[in-house]
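Participant: Mind looking over this structure? Questions follow.
What follows draws every value from the coordinates through simple rules; no lab data is involved. Keep in mind that this is a model prediction, so the values were computed, not measured. A quick note on method: Cβ atoms are made from the backbone with ideal geometry, for glycine too, and the neighbour counts reach across all protein chains shown.
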Amino acid sequence: MKYFITGGCGFIGTNLALSLGKKNYKKILILDNLSKITANKNLSILKKENISFKKIDIGKSKQKIEKLIKQHKPKVIFHLAGQVAMSTSLKKPDFDFQGNVLATINLLESIRKFSKKTILIFSSTNKVYGDLKNFNYIEKKTRFIIKNNFKGFSENNYLDFKSPYACSKGSADQYVLDYARVFNLNTIVFRHSSVYGGRQFFTYDQGWVGWFCAQAIKHKLIKKTKFSISGNGKQVRDLVHIEDITRLYRLSFKNFKKLKGNAYNIGGGLKNSLSIIELINFLEKKLNIKLNYHKINNRLYDQKIFISDNKKIYKDLKWKPNIDYKKGLDQMLKWIKSSKIYKNV
Ligand SMILES: NC(=O)c1ccc[n+]([C@@H]2O[C@H](COP(=O)([O-])OP(=O)(O)OC[C@H]3O[C@@H](n4cnc5c(N)ncnc54)[C@H](O)[C@@H]3O)[C@@H](O)[C@H]2O)c1
């Protein structure tokens, strides 16, 4: 197999596999432990395309991973498997450590021992920068802002792991970079914030864009909903559509040399940034509804703003997001309606 996708039954993994094109489907091996309840839904789509699948827990199965990598010597491993929810990391930090740190070490060690040419692309998170408290935030009517021509956060911000989730993702992120420095492995790190789009089985804890879209559709089609938002709703994130992300992953292994050993912030950028209140306003206008919500406490270490400065990845890969949030949200709403996922929020 040429391509391994760990966590390939998840949101990014399934979309990535399908985006590699039919002629490559027989060269893909999906590795997933199906721990996400909805992973089976994506698996059935992958199976229809005859894409190979192996049920495996990357954090627990060192020897099996070694065997697979020794046998296939894959050209690329897209490492997307992981424990993805901050709330779970607070309840079960050891489980979070296993899913994020041990899983990553198992892959890196197997590559180091048996397949040094393999490219490993790791999906990290903006949470590695902590709550970014050292900036001066100004509260406006619908969002927080930072003055002085702020264009987003670059990779030069210092790392500040707060919460077990940030520690485990951040630790994996640093191991991936260090294996390029110390062992000369072919690794890259992408630090994502809010990816959204079809086949995302979001929950209350992960995938806020989809979750609010589903609330709005449920309100419109079934019954008036009542939901909570954490904090004052003025927190800002930059939205990046899944098609832009799968394009990035495809481009990156084809143009790997320039990217080797680097970490990149990846997001929708300033012009695709929205606060929770702004997303809700957008949905109310679009669907001609009035949503009913109340405010609860801030989430732990919530960033007031995370907007990615995409300058570094643009310089090295010429990648920038193409799908603006209005078009992307249109597609997202259509998918939520057709998949009927709004019935479960
Ligand atoms: N979607 C986003 O907005 C976003 C933002 C920041 C970082 N990321 C990172 O990108 C990656 C993919 O995210 P996603 O949104 O597709 O998540 P997802 O939850 O949809 O997919 C993760 C998949 O990994 C599998 N998995 C979990 N632990 C595993 C293990 N130990 N062994 C094997 N499989 C395991 C799950 O069953 C699931 O299918 C994650 O590592 C996540 O931390 C995503």
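Participant: Dipole size in debye (nearest 20) for the chain around its Cα centre, Lys and Arg Cβ +1, Asp and Glu Cβ -1?
Facilitator: Details: 67 positive and 24 negative charges, 227 e Å.
Result for the chain is approximately 1100 debye, rounded to the nearest 20.
Participant: Once both labels are modelled 7 Å past Cα along the beta-carbon direction, what's the residue 226-residue 37 spacing in nm?
Facilitator: The answer from the label model is 2.3 nm.
Participant: What FRET efficiency, computed as 1/(1 + (r/R0)^6) with R0 = 45 Å and r the Cβ-Cβ distance, is obtained for residue 257 and residue 344, rounded to the nearest 0.05? Working shown, then result.
Facilitator: Details: r = 44 Å, r/R0 = 0.98.
My answer for the efficiency is 0.55.
Participant: Please report the spacing between the Cα centers of segment 309-331 and segment 159-236 in Å, no decimals.
Facilitator: Rounded to whole Å, the Cα centres lie 17 Å apart.
Participant: Note down the net charge around residue 143, summing +1 for each Lys or Arg and -1 for each Asp or Glu among other residues with Cβ under 11 Å from its Cβ. Walk me through the numbers before you get to the answer.
Facilitator: On the way: positive: 140, 141, 234, 237, 304; negative: 139, 278.
Counting the neighbours of residue 143, the net charge comes to +3.
Participant: Which of these, 273, 308, 87, has the largest mean-square fluctuation under a Gaussian network model of the chain (Cα springs below 10 Å)?
Facilitator: 87
Participant: If you take the Cα atoms of the chain, find Rg, then find the Kirkwood Rh from the mean of 1/r over all pairs, what is Rg/Rh?
Facilitator: Numbers: Rg = 19.5 Å, Rh = 20.5 Å.
Here the Rg-to-Rh quotient is 0.95.
Participant: How would 1, 86 line up from fewest to most surrounding beta-carbon atoms within 10 angstrom?
Facilitator: Values: 1 17, 86 21.
The fewest-first ordering by Cβ neighbours comes to 1, 86.
Participant: Give me the one-decimal nm value for the distance between modelled label points at residue 133 and residue 182, 7 Å along each residue's Cα-to-Cβ direction.
Facilitator: Placing both labels 7 Å along Cα→Cβ, they lie 3.1 nm apart.
Participant: How far, in degrees from 0 to 90, does helix 164-183 lean away from the longest principal axis of the Cα atoms of the chain, to the nearest 10?
Facilitator: Tilt relative to the chain: about 40 degrees.
Participant: Kindly flag which residue pairs out of 260/320; 23/117; 60/318 have an alpha-carbon separation exceeding 30 Å in this structure. Please list the in-between numbers first.
Facilitator: On the way: 260/320 19 Å; 23/117 23 Å; 60/318 37 Å.
Where the Cα-Cα span goes over 30 Å, the pairs concerned are 60/318.
Participant: Where a ≥ b ≥ c are the square roots of the eigenvalues of the C-alpha gyration tensor, would you call segment 283-345 rounded, which needs a/c under 1.5, or, failing that, prolate if a/b is larger than b/c, or oblate?
Facilitator: Details: a/c = 2.43, a/b = 1.37, b/c = 1.77.
Oblate, since a/c reaches 1.5 and b/c is not below a/b.
Participant: Moving on. Considering only 174, 163, 212, whose Cα is most displaced toward the positive end of the charge dipole of segment 131-214, charges sitting on Cβ of Lys, Arg (+1) and Asp, Glu (-1)?
Facilitator: Farthest towards the positive end: 212.
Participant: Which value at 222 nm does the chain reach when only helices count, each DSSP H run of 4 or more adding -39,500 (n - 2.57), with the total divided by all residues and rounded to the nearest 500 deg cm²/dmol?
Facilitator: Numbers: 13 runs with 138 residues, N = 345.
One gets -12000 deg cm²/dmol as the mean residue ellipticity at 222 nm.
Participant: Still on this model: Zone of residue 63 (label point 7 Å along Cα→Cβ, backbone N under 20 Å): which residues in segment 102-141?
Facilitator: Answer for this model: 102-115.
Participant: Then there's this: Enumerate by residue number the trypsin sites (Lys or Arg not before Pro) in segment 8-103 meeting two conditions: DSSP loop (anything except H, G, I, E, B), and at most 14 other Cβ atoms within 10 Å of the site's Cβ. It would help to have the intermediate numbers written out before the result.
Facilitator: Numbers: sites: 22, 23, 26, 27, 36, 41, 47, 48, 54, 55, 60, 62, 64, 67, 70, 75, 91; in loops: 36, 60, 75.
Hits after loop and neighbour filter: 60.
Participant: Roughly how tilted is helix 39-48, in degrees to the nearest 10 and between 0 and 90, from the longest Cα axis of the chain?
Facilitator: The helix 39-48 is inclined about 60 degrees to the chain.
Participant: Specify the angular offset, from 0 to 90 degrees and rounded to the nearest 10, of the alpha carbon long axis of helix 276-287 from the longest principal axis of the alpha carbons in the chain.
Facilitator: Helix 276-287 sits roughly 70 degrees off the main axis of the chain.
Participant: Structure shown: which of 234/326; 26/315; 47/327; 27/64; 67/169; 47/254 lie over 23 Å apart, alpha-carbon to alpha-carbon?
Facilitator: Working: 234/326 19 Å; 26/315 33 Å; 47/327 29 Å; 27/64 19 Å; 67/169 25 Å; 47/254 26 Å.
Pairs exceeding the cut-off: 26/315; 47/327; 67/169; 47/254.
Participant: Which order do 78, 201 fall in if you start with the one that has the fewest other Cβ atoms within 10 Å? Please list the in-between numbers first.
Facilitator: On the way: 78 28, 201 19.
Least crowded to most crowded, the residues run 201, 78.
Participant: Follow-up question, since we're still on this one. Determine the gain in length on full extension of the stretch residue 315-residue 293; use 0.36 nm per residue of separation and subtract their C-alpha separation, reporting nm with one decimal.
Facilitator: Working: separation 22, 0.36 × 22 = 7.92 nm, distance 4.17 nm.
Full-extension gain reported as 3.7 nm.
Participant: Turning to a different aspect of this structure: What is the fewest-to-most order of 177, 108, 34 by other Cβ atoms lying within 10 Å of their Cβ? All intermediate terms of the calculation are to be shown ahead of the outcome.
Facilitator: On the way: 177 19, 108 23, 34 16.
Fewest-to-most ranking of 177, 108, 34: 34, 177, 108.
Participant: Around residue 231, which amide H atoms from residues at least 5 apart in sequence, or from another chain, sit under 5 Å from its own amide H, with H modelled in the peptide plane?
Facilitator: 296, 297, 298, 299
Participant: Here's another thing I want to ask about it. How high is the FRET efficiency between residue 19 and residue 90 when r is their beta carbon distance and R₀ equals 22 Å, given to the nearest 0.05?
Facilitator: Values: r = 33 Å, r/R0 = 1.52.
So, using R0 = 22 Å, E works out to roughly 0.10.
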